[in-house]
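Worksheet: one structure, shown below.
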Amino acid sequence: MSQRILVIGAGFAGMWSALAAARLLDRTGRTDVEVALIAPAPELHVRPRLYEYDPMRMAVPLGELFTATGIRFIAGTVEQIDVEGRQVRVAGVGSDTSQQVIGYDRLVIAAGSRLHCPPIPGLQEHTFNVDQIAAAAKLETHIHGLAARPHSVRRNTIVVAGAGFTGIETAAEMPARLRQALGDDTPVNVVMVERCADIGPDLGPGPRPTIIQALKELGVTWKLGSGVGKVDAHGVTLENGERIEADTVIWTAGARASGLTAQIPATRDNFGRLHVDANMQVKGLRDVFATGDCAYAATDDVGNHAAMSCQHAMNLGRSAGHNVAADLVGESFIPYSQPNYVTCLDLGPWGAVYTEGWDREVKLSGALGKALKTTINTEWIYPPTGSRAELLAAADPRRIVVA
């Protein structure tokens, strides 16, 4: 191969970037350009579902998809990006301690995001999270193990730190998960802690009454206006001095783009996302594109920007993949645009709430919302299947998916 498009990351944005690049190269008959993707394993982690039970089932193999579409998979972790030299340094995974340097003609940074853990005393040592599969599995093992502990209010209490999207979905699941582990007749206590004055501060007032109704009926309570001050093995102390005894503390408060973005000499936002133009090209750089949770991208012409969510990552990925290939082989760009915005928030056994628009007008709730959320979580966000032609067709950036 005389030229290479290199994609970092096999998440929603990375997978769709590689597929979209392969699609354009196939349509133009360019066999002299390689699409390569680097990730620790050839699998997609369905991260939006990690608040659910059995998180180990949320790893979807991608090997056959890559083989069918001619995408070269490279197992490893990118440690360093050399923009001037147009190369990356890659470390092996598992028992492979080797390192290699891989060059590129165009780079797509789709390395995703990670849970933000500020320097709160005890946070690293004494909290759980649902950010990655291994962490979610650790939480599940812990919850199952609670039954072996002596009965106490502390054992039966879960504190969920953060009342944003992930915090709400996690808290809504926990009463049922605790009762499953401890027995249906066990009194359980799930408490959300949020520094802001409202539940779901980023979700706005539209769905809030529905969310509050659902949480109340599920038995979830909350404490607002004071964040976590410190965590220990027996619970949390809030910034206002209030103490909550709990054997289980789950941290959900915020995410940041992959640390790789800090190696790129370009403008970033407060979440570490690289500023990109409508073609997903990093502003000020010729050969580097960013997408998904690594990109600060406008969704429309009225000031809205993509959220760090799979809804946007899937379409950002399609756009980045098409445009990085178009830039390399001299084809036309298809600018990213995703003006239609929806949210579908899982509210555990109560149901779900579905909204449309950036003002989040409620359209469905309860069982009807849950049916839609189930379809999104088990069908719409999963990798495509079918023939090679069908796989490539699914990566058309004009095929906007709202999920």
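The values are calculated or read from the model by the stated rules, or taken from the named source; none is laboratory data. All figures in this text were calculated on a predicted structure; none of them were measured in a lab. Backbone-built Cβ (ideal geometry, glycine too); neighbour counts: all protein chains shown. Ligands, DNA and RNA are stripped out before the accessible areas are found, and what is left, the full protein with its side chains, is counted by its heavy atoms. Shrake-Rupley method; radii C 1.70, N 1.55, O 1.52, S 1.80 Å.
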task = Name the strands (runs of 3 or more DSSP E) wholly inside the range 4-106 in which the number of residues that are closer than 26 Å to residue 373 by Cβ and assigned by the TED database to the domain that holds residue 262 is 1 or more.
result = 43-45, 59-61
request  = Could you grab me the full set of residues in the range 249-272 that are in contact with a Ser or Thr (Cβ under 7 Å, 6 or more places away or on another chain), crowded, with 22+ Cβ neighbours inside 10 Å and either under 25 Å from residue 223 (Cβ atoms) or not small (Gly, Ala, Ser) (or both)?
outcome  = 249, 250, 251, 252
query = Taking into account only those residues within the range 146-168 that are touching an Asp or Glu at 6+ places or on another chain (Cβ under 6 Å) and among the basic types (Lys, Arg), which is nearest to residue 185 (Cα to Cα)?
reply = 155
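Would you be able to say whether some residue in the range 219-233 is outside any strand (DSSP E or B) and within 23 Å of residue 52 (Cα to Cα)?
Filtering the range 219-233 down to residues outside any strand (DSSP E or B) leaves 219, 225-227, 233.
If we keep only those that are within 23 Å of residue 52 (Cα to Cα) too, we end up with 219.
Yes.
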key: Test for residue 292: is it closer than 30 Å to residue 193 by Cα, surrounded by 18 or more Cβ atoms within 10 Å (Cβ to Cβ) and at pLDDT 95 or above   = yes
ask   = Going by the conditions given, is residue 205 without any contact (Cβ under 8 Å) to a residue 12 or more places away in the chain, part of a loop (DSSP other than H, G, I, E, B), open to solvent by 40 Å² or more (accessible area, probe 1.4 Å) and in the same structural domain as residue 146 (by the TED database)?
value = yes
inquiry  = Testing residue 80 on (1) open to solvent by 60 Å² or more (accessible area, probe 1.4 Å); (2) without any contact (Cβ under 8 Å) to a residue 40 or more places away in the chain; (3) not hydroxyl-bearing (Ser, Thr, Tyr), one condition comes back false. Which one is that?
reply    = (2)
message = Just to be sure I understand, how many residues within the range 351-403 are in a loop (DSSP other than H, G, I, E, B), of a type in the set (D, E, K, R) and either within 28 Å of residue 171 (Cα to Cα) or open to solvent by less than 60 Å² (accessible area, probe 1.4 Å) (or both)?
response = 3
remark   = Over the range 277-306, the set of residues over 20 Å from residue 87 (Cα atoms), among the β-branched types (Val, Ile, Thr) and over 21 Å from the mean Cα position of the chain (by Cα) is 302
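Quick grid of which residues meet (1) free of Cβ contacts under 8 Å to residues at least 40 places away in the same chain; (2) β-branched (Val, Ile, Thr); (3) out of contact with any helix residue (DSSP H, G or I) (no Cβ under 7 Å at 6 or more places or on another chain):
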{"site": "3", "(1), (2), (3)": "no, no, no"}
{"site": "6", "(1), (2), (3)": "no, no, yes"}
{"site": "11", "(1), (2), (3)": "no, no, no"}
{"site": "16", "(1), (2), (3)": "no, no, no"}
{"site": "21", "(1), (2), (3)": "no, no, no"}
{"site": "32", "(1), (2), (3)": "yes, no, yes"}
{"site": "36", "(1), (2), (3)": "no, no, yes"}
{"site": "42", "(1), (2), (3)": "yes, no, no"}
{"site": "47", "(1), (2), (3)": "no, no, yes"}
request  = Please enumerate the residues belonging to the range 317-342 that are over 30 Å from residue 3 (Cα atoms) and open to solvent by 10 Å² or more (accessible area, probe 1.4 Å).
outcome  = 339, 340, 341, 342
ask   = Quick one: would you say residue 161 is over 25 Å from residue 369 (Cβ atoms), assigned by the TED database to the domain that holds residue 244 and open to solvent by 50 Å² or more (accessible area, probe 1.4 Å)?
value = no
task = Residue by residue through the range 371-386, note down the ones that are touching a helix residue (DSSP H, G or I) at 6+ places or on another chain (Cβ under 6 Å) and more than 16 Å from residue 61 (Cβ to Cβ).
result = 377
inquiry  = Looking only at residues that are open to solvent by 30 Å² or more (accessible area, probe 1.4 Å), among the hydrophobic types (A, V, I, L, M, F, W, C) and out of contact with any strand residue (DSSP E or B) (no Cβ under 8 Å at 6 or more places or on another chain) in the range 32-77, which one is nearest to residue 255 (Cα to Cα)?
reply    = 56
